[in-house]
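Report on the following structure.
Every read-out reported here was derived from the displayed coordinates using simple, explicitly stated rules and does not represent laboratory data. Worth saying up front: this structure is predicted, and the values here are computed from it rather than measured. Because the Cβ atoms are built from the backbone with ideal geometry, glycine has one as well, and the counts that use them run over all protein chains shown.
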Amino acid sequence: MRSAPRISLLIALALGLPAAGSAKLQVVSTLQDFAALAQAIGGDRVETFALAKGYQDPHFVDAKPSFVLRLSRADLLVVAGLELEIGYLPPLIDQSRNQRIHPGNPGYLDASAGCEILQRPTTPITRAMGDVHPYGNPHYWTDPENGRTIARSIAARLSELDPAGAADFARNLAEFERRLDLKLAEWRAKLAPFAGTKVVTYHDSWPNLAKRFDLDVIGYIEPKPGIPPSPSHTLEIINLIRREKVPVVLIEPYFDSRTPDHIAQQTGAKVVTLYPSVGGRPEIGDYLALFDYDVSALAAALASQK
Amino acid sequence: MIVPSLLRRRRPRAAAALATALALGAPLGAQPSAPPPDPVAELRAEIAQLRAEYAAQLAALEARLAALEAAPPGPEAPTAPPAPAPAASAQTSSYFNPAISLIGNFFAVAGDNENESRPIAELSEVELGFQAVIDPYAKGDIFVAFGEEGAEVEEGYVTFTALPAQFLARVGRVLATFGKTNSQHMHYLPWADKPLPLVSLLGGEEGWRGDGLSVSRIFPIGETFSELTVEAFRGDAEGLFEAADRNDLAYNSHLKLFRDLSEAANLELGLSWGTGPNGSTPDARTDLAGLDLTWRWKPLRTAHHRGFTLRGELLQSDRETPDGDQRALGWFASAEARLARRWWAFGRLESSERADDASLRDEGFALGLTFDPSEFSRLRAEYRQRRYAEDVTADELLMQLQFILGAHGAHPF
C-alpha cells in the first residue's frame, strides 16, 4: 500500500504528466499585448507567456518545438486571429497534444471577436495586391478601444475557466478600464494639436491607431503589403512626402531602416519608430505603457517638425 | 408571459377555490380538496401566492445588487463582447471545404550528368494539397503529386490530435520521420535537390515513405523538448524495402531533442533507427541509422533580413545480401545564410557510399542562391558538382522556379 503513491508518481513522471498541477491558470498568447492584458486581468491567478516578442514581426514567427512544450501545458491560448498567425500557429496547436486549446474549445480565444476590424475587403482580392489579409487588417490591437474589448473578452474567458476568480477578474477589469479611460484622455490631449496630420508608414500596420488619434495615412514605403521597397516606389513616396508636406515616416522596429532613412534625408521628414506591441522596448511593460511610449514618441516628433 | 398563461390555465379552478375560501372564511391558500369551490377566494389566493413569489425574487435581486454594490468596483461578472459580423458573407457553402494549395516546381538544368539524367526543362512536380479538420478528434492532410510519371499520393494521413496521455498519431501514408530532411516536402528544402546521402541510402529522390502508423509523444526534460516517434509501415517502400510476405513490416523510430540556446539561437538533435525487409532473400533486412543536427541563429529584431542555419545528417545503411552485408555510410553538411529580405545563399558538402555496394563512394558539393519575389514564389540557382565512384565528374547548373496557388500553409520548423 505504501508504495502505491511512489509507483503512481513514477508513472506520472514516466508519462511526463505534471506530478502536482500548479494552481495558476496557464495563459499562452501569440502576442505580448494579449499576455500583458491577461496578466492585468488575471493578476496572480494566472501565469502568462507570449510566443512572439514585441520587437518581432508578428507575421513571421518560427514554430519552434519549445513553443509546443508551452502550448502542451496551456489552459488558455489567446490569438489575434484574422490569419495573422497562419504561418506558424496551426502546426503548433496540432502538435501540442492539448485539446483544451484547439479552436472551438473554451481554451482558445480569438481576441479579434468584437473588435473594430478595418479594411475588410469588400471586393475580390488577389495576391497581385501583395500579402493581403482576407479577413481585414490584423493589427487591430493598436487601437486602445479594441484593447478594452480584448480585456473584456479575456476577463469573460478567465471567469469561465476559473469561476472562483470571477470577482477578482471583474475587479481587475474595472480597474484596467478606469486607468484606460484616464490614459485615453491624456493620449488624445497629447495628439489633439496634430489632428489630421498626414503620415507615411512602412507597412500597413497602423490603420487602427491612425483612426483613433485622427492621423491620415497617405502612403506606405512597401509598394504592396509584404513586398520590400523598390526604387521607383521609393521615388514616388519621396515626391508624395514633398508634395503633401508629410512630417513623419512611421516604421516598425523589425524593418530595415535604410530606405526610410534615405527618404527622410531626401525630404526632411522624420523617421519615428513606433512599437506595435508590448515588450518592444524594456520600458513598454504593459498595454498602457505601449501607448504611453508611442503617443509620446509621435507627439515629440510632430512637435519638432512644426 | 408566464403569469397570464398560468392564470388562464387555472381560471376555472381558481374561481372555484376563491368561492370556497370566501364561503368558509378560510385563510387564503389553494385548497383544491375543499368541497364547495369558491372562485373568488381561489383567485385571491393565487394572486397572493404570485405576489409572495415576486416579492421573494425581488428581495433576492435586491440582495444581490446590494452585495455587488458593496463589493469594491466589480459591477458584474465579465461577459464576452458580441461576435463580429462574419467577414465574408459569400461562400458560406464552402466553409467546410479543405484548404487547397497547388505548389508548382519547375526545373531547368544545364551541364551533363551521365549517372542522373534530368531533362533540360521539366515541370517536375505539381503538388496538390488538401488540408482540413475532420472532426473534433482528427485532421486530414492529403498531398497528391503530379509529375512526369503521372499522379500519386505523396502523403495522405489522418492526424489524431485528441488522444489521451498526450499521444499524437498519424495513420495513412507518411514520409518517415527518419532524420530531418526526409520528412520535409521538396518546396521546404533550402536547396534545389536532395542531398546525396538521402538519395543513395534512403530510397532515392522521393525518400522513404511508408503506409502505416506513426505515433509520437513528448517527454520533456526540463525546458528541453524531447519527442519520441515510433512508426510501423508495410514492408514495401520504393527503392528501399521489398517484402516477400505481407507480415514483413518496416519500422522506424526517431528521437528529437530541441533546446533554445538563446532567444535567437537554438539547437536540434535527432537520432533515428529504422529497419525493413530488402527483398534480396526472404529474410534479408536493411537496417538504417541516422544522426541529424541543426543549429539556427535568427535574431528576432532583424529576422527579416538576417539569419543563419547550419545543418547536417549522418546516415548508415546496413544491407543484408546473400553475398554478405553492405554497410554504407553517407553524410552531408549545409550552411544557409539570409542576406536580405528576399535573398538567401547556401553551400552544401556531401559524400555517400552506395547502399548496394558500399565500396563505391560518390562525393560532391553545391552552391546556390535563392531569390523570393514574394512569399508565394521562389527562384533558385544551384551550381552542383558530383564526383561519382566511376571516376566521372558532373558539373551542373540547376535552376528552379516554385510557385504557390491558393492556401499558403504554415512553414514547418
Exercise. What is the set of long-range amide H partners of residue A:273 at a cut-off below 5 Å, with H atoms built 1.01 Å from backbone N?
Worked result: A:251
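Which entries of A:183/A:224; A:53/A:211; A:224/B:139 show an alpha-carbon separation above 32 angstrom in the structure shown? Working shown, then result.
Details: A:183/A:224 34 Å; A:53/A:211 25 Å; A:224/B:139 34 Å.
Over 32 Å Cα-Cα: A:183/A:224; A:224/B:139.
Once a ≥ b ≥ c are taken as the square roots of the eigenvalues of the Cα gyration tensor of chain A, is the result rounded (a/c under 1.5), prolate (a/b larger than b/c) or oblate (a/b not larger than b/c)? Please report the intermediate quantities before stating the final value.
Numbers: a/c = 2.50, a/b = 1.82, b/c = 1.38.
Judged from the Cα gyration tensor, chain A comes out prolate (a/c at least 1.5, a/b above b/c).
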Seminar exercise, completed: Relative contact order of chain A (C-alpha contacts under 8 Å, at least 6 apart) in percent is 17
Seminar exercise, completed: Other residues with Cβ under 11 Å from the Cβ of residue B:219 give, with Lys and Arg +1 and Asp and Glu -1, a net charge of +1
Problem set entry | Simple spin-label estimate for residue A:236 and residue B:387 in nanometres, 7 Å along Cα-Cβ | 5.2
Exercise. Tell me, what HN-Hα J-couplings in whole Hz come from the Karplus equation 6.51 cos²θ - 1.76 cosθ + 1.60 at θ = phi - 60° for each residue of segment A:218-231, using x for Gly and Pro?
Worked result: 10, x, 10, 5, 6, x, 8, x, x, 9, x, x, 10, x
Seminar exercise, completed: For segment A:32-42, Karplus-derived ³J(HN,Hα) couplings (6.51, -1.76, 1.60; θ = phi - 60°; whole Hz; x for glycine and proline) come out as 5, 4, 5, 5, 5, 5, 4, 5, 5, 7, x
For this session: Among the lysines, select those whose C-alpha is under 20 Å from the C-alpha of residue B:180, and discard any that sit fewer than 8 residues away in the same chain.
Result: A:64, B:194, B:256, B:298
Exercise. Using only helices, what value at 222 nm comes out for the protein assembly as shown when you add -39,500 (n - 2.57) per DSSP H run of length 4 or more and divide by the total residues, to the nearest 500 deg cm²/dmol?
Worked result: -8500 deg cm²/dmol
Exercise. Please state the relative contact order of segment A:183-239 as a whole percent: Cα pairs under 8 Å, 6+ residues apart?
Worked result: 29
Exercise. In which sequence would A:296, B:272 go, from the one with the fewest C-beta neighbours within 10 Å to the one with the most?
Worked result: A:296, B:272
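Can you give the FRET efficiency to the nearest 0.05 for residue B:224 and residue B:371, using r as the Cβ-Cβ distance and R₀ = 25 Å?
Values: r = 36 Å, r/R0 = 1.45.
Working from the Cβ atoms, E equals 0.10.
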For this session: Can you check what the net charge comes to around residue B:160, using other residues whose Cβ is under 12 Å from the Cβ of residue B:160 (Lys, Arg +1; Asp, Glu -1)?
Result: +1
Problem set entry | Cβ-based charge dipole, segment A:136-281, positive-most Cα from A:172, A:279, A:239 | A:239
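Checking the a/c ratio against 1.5 first, then a/b against b/c, what shape does the Cα gyration tensor give for segment A:171-278? Before the final figure, lay out each step's value.
Details: a/c = 2.81, a/b = 1.91, b/c = 1.47.
Here segment A:171-278 falls in the prolate category.
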Exercise. Of A:172, A:137, A:105, which has the largest mean-square fluctuation in a 10 Å C-alpha GNM of chain A?
Worked result: A:105
For this session: With springs connecting C-alpha atoms under 10 Å apart, model chain A as a Gaussian network and identify which of A:23, A:40, A:192 has the largest mean-square fluctuation.
Result: A:23
Exercise. For the residue pair residue B:251 and residue A:245, what label-to-label distance in nm results when each label sits 7 Å from Cα along the Cα-to-beta-carbon direction?
Worked result: 8.0
Exercise. What would the Debye formula give as log10 I(q)/I(0) at q = 0.10, 0.12 Å⁻¹ for the alpha-carbon point model of the protein assembly as shown, no solvent?
Worked result: -1.08, -1.40
Seminar exercise, completed: In the neighbourhood of residue B:246 defined by beta carbon distances under 13 Å, the net charge of the other residues (Lys, Arg +1; Asp, Glu -1) is -4
For this session: May I ask you to compute the full-extension gain from residue B:123 to residue B:360, defined as 0.36 nm times their residue separation minus their alpha-carbon distance, rounded to one decimal in nm?
Result: 82.2 nm
Seminar exercise, completed: Note on segment B:103-406: alpha-carbon gyration tensor, axes a ≥ b ≥ c; rule is a/c under 1.5 for rounded, else prolate if a/b larger than b/c, else oblate; result rounded
Exercise. Out of A:231, A:90, A:138, any idea which swings most in a Gaussian network model of chain A, alpha carbons joined below 10 Å?
Worked result: A:231
Exercise. Along the Cα-to-C-beta direction of residue A:122, a point sits 7 Å from the Cα; which residues of segment A:196-234 have their amide N less than 12 Å from that point?
Worked result: none
